[in-house]
1. Quick one: compute the contact order of region B:1-118, relative version, from alpha carbon pairs under 8 angstrom and 6+ residues apart, as a percent.
2. Using the 10 angstrom Cβ neighbour count as an exposure proxy, how do A:71, D:16 rank, fewest first?
3. Provide an ascending nm list, one decimal, of label-point separations from residue B:20 to the equivalent residue in each further copy; define each label point as 7 Å from Cα along Cα→Cβ.
4. I'd like the FRET efficiency for residue C:143 and residue D:140, computed as 1/(1 + (r/R0)^6) with the beta carbon distance as r and R0 of 56 Å, rounded to 0.05.
5. Once R0 is set to 45 Å, what does the formula 1/(1 + (r/R0)^6) return for the Cβ-Cβ distance between residue B:18 and residue A:35, expressed as a FRET efficiency to the nearest 0.05?
6. Arrange C:7, A:110 by Cβ neighbour counts within 10 Å, fewest through most, would you?
7. Residue of A with Cβ nearest the axis relating A to D, plus distance in whole Å?
8. Sort B:19, C:56 so the one with the fewest other Cβ atoms within 10 Å of its own Cβ comes first.
């Protein structure tokens, strides 16, 4: 009997950001966890930290795929910190590990993650991130974004 | 306050192997889980499946870092299946994610994982795997191997 | 005495494209080669093939960093075909290998390459590719784009 | 008409080594270049530098696949320096790029390259490197090793 695996949602966005943006990411992470989903992210600060914090607060599981080789680089809300030593190339792995991706505003690292999500045909929900065309679902509210991401992830599996 | 993260033990070895070897890997995985550790492996069959089964039976967490892009390739005992699309290069990531490595007999994929463990100066315990010199701790009993791996992982952190 | 290494220009864009776009890529590749530069690309068809053809016609050197494991996948104008087995993650390596990047229109793979070029702060010249803000130099003429890319690569070293 | 691509030989071994070992690597590199082959290596010092020097002296082409992100890390005999930012994971790419591999003595990085060569079923000739079983051709003389590697590479294509 194959295991029933939890849905995995990647939450990506700026490594340095406002408190407001971190809180929005936390709201998305919290909703994913409340619904039984797992949050995967780049494991560092900013949006990644917010997303992990929200998920943790809801009793969920958080996975951080780190650019460096030291797992202590991960933010304090990461349950499973996976150092890669691959630098920015770890962005691909964050996306690859996910059933759907939620993107918050960020710079070029975030852009690379959105590009890979689109390339891999993963469902991609943007909460104010890069405008890159019609393959991205644009939603302003982070909880609604998380709800749609989970729904699309379910359909995609 | 930084999170107290669980110790992560990689269990590596042949993708195709005897039932006896799978059961030995299960014994090691079970012990790791009983002690509160996480088992990371390549997520596929053989030793990887045995290790994950043992850990699962003891209520532990199992992470599988997969060579392909489809998480349904993972064996049924993997809780968190992370597809990479990197092929054999995922072997590096299995080792990188671990605080210590237990190697069971395997062919050249296993050898590559042992080589990377040694290169990265991760504690490496061999249960009958490749003989590669004095940096490897040789232990015949899988439970004792798991005990030593956990102990060395603790000292290494 | 350190070697005087040739400037390396990555040319990226659609794997499937019109003859016109291939010819534009060829014009850029030809100019790079005429000026003594090396063309690196993803090694496959479309813009990659055009760029390599142009460089080859001018007697230049072409390097193709391939997604798969078989070097015979490379287009016929690639001098040095480097299979990676990393799938789309090889896009990062194409960009990493370059001193500057010229982007022609393409879809999400091209977008990922542009994102990484921006992330890595490599000079990036776009000939009608994705509009992603002011860090990209927009030039319509492929030869002029190649001239500017070579100039910026020189300043960046 | 597909291009007739040159045979690519990876030469691997210690990053720090005796002058004698560097000269042996140079003899192998020189022979590969004299026969029209390309030398690929990790691009750094020791055996890598020796191999590239030998190939360069014979007018051959040398490719260095670097662990870091700065191409100026490459030794002075590398014609095409490809920074990866992948750290030790670049070892896989050195092997993947080759039609056959010649291994000189080295530590665990060399071991990982030999493991991957074996895993990928690339012809592997050892000049005093790790003893890992019957899939490796053992040859003491570096020129003869290069001759056999080129021959096996030809048969393997």
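Every number in this text was worked out from the coordinates using simple rules, so none of it is lab data. Just so we're clear, the structure is a prediction, and the values are computed from it rather than from any experiment. Quick reminder, even Gly has a Cβ in these numbers, built from the backbone with ideal geometry, and neighbours come from all protein chains shown.
1. 29 percent
2. By the 10 Å Cβ count, ascending: D:16, A:71.
3. 4.4, 6.7, 7.1
4. About 0.55, to the nearest 0.05.
5. It comes to 0.60.
6. The most exposed by this proxy come first: C:7, A:110.
7. A:86, 3
8. With the sparsest Cβ surroundings first, the list reads B:19, C:56.
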